[in-house]
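Structure, as structure tokens:
The values are calculated or read from the model by the stated rules, or taken from the named source; none is laboratory data. Everything numeric in this text was worked out from a predicted model, so none of it was measured. Cβ sites come from the backbone with ideal geometry, for glycine too, and all protein chains shown count toward neighbours. Ligands, DNA and RNA are stripped out before the accessible areas are found, and what is left, the full protein with its side chains, is counted by its heavy atoms. Shrake-Rupley method; radii C 1.70, N 1.55, O 1.52, S 1.80 Å.
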Amino acid sequence: MLKHRVLFDEMAIAARVEQLAREIAKDLPVPAPLIIGLLTGSFIFVADLVRALSRLDVQPQVDFLALSHYGAASEPRGLVRIIKDVTLDVSGRSVLLVDDILDTGRSLSLGRDHLAARGPSWLRTCVLLDKPSRRVVPIKGDYIGFEVPDVWMVGYGLDAAGKGRALPYVAALEPEG
């Protein structure tokens, strides 16, 4: 198992997801938005957020957009491209783009710009984790779960080389030693 320390436990995440759902529900122009998750890391957050919204009488449709990093994603020149597009029509819809972590800003920016070009009537972003110290693209999340330090994290959908994604909490990896 990966050596790690818990940053946000299950209860803290659940409480924050409920708060985010209330904020989003208050701002939504319609009770049936389209929620688009950025794969793969966002799938657990999207599921919990959709359930929290449904408890507030918001009944979203859900779709996913998959992006791939080329070059070293951790380097300023890392490139991102779309490898799986959304299947639902975005035009004229209220759309919430959801990601697990806003790090360099490349993925969220590409996803947001891609969806904006399709003419939604309302487009906002929601991220569980925001790591502003790593930003290379000027973008801010509209709804943010937690601000985090510049550490590698696993759990709640995030992974390290395919490991740790299913942990029910968010944890910072610690050096092996």
All positions within region 107-150 that are among the β-branched types (Val, Ile, Thr) and modelled with pLDDT of 95 or more: 125, 127, 139, 144, 148
Residues of region 149-167 classified as of a type outside the set (D, E, K, R), in contact with an Asp or Glu (Cβ under 7 Å, 6 or more places away or on another chain) and part of a loop (DSSP other than H, G, I, E, B), total: 1
Tally of residues being under 19 Å from residue 102 (Cβ atoms) and open to solvent by 60 Å² or more (accessible area, probe 1.4 Å) across region 135-164: 8
Selection from region 96-114 of residues that are open to solvent by 10 Å² or more (accessible area, probe 1.4 Å), part of a strand (DSSP E or B) and either more than 22 Å from residue 58 (Cβ to Cβ) or not charged (D, E, K, R) (or both): 101
Only listed residue being modelled with pLDDT of 95 or more, open to solvent by 80 Å² or more (accessible area, probe 1.4 Å), closer than 27 Å to residue 132 by Cβ and of a type in the set (Lys, Arg), chosen from 81, 5, 16, 77: 5
Which numbered condition residue 69 fails, given (1) open to solvent by 40 Å² or more (accessible area, probe 1.4 Å); (2) modelled with pLDDT of 95 or more: (2)
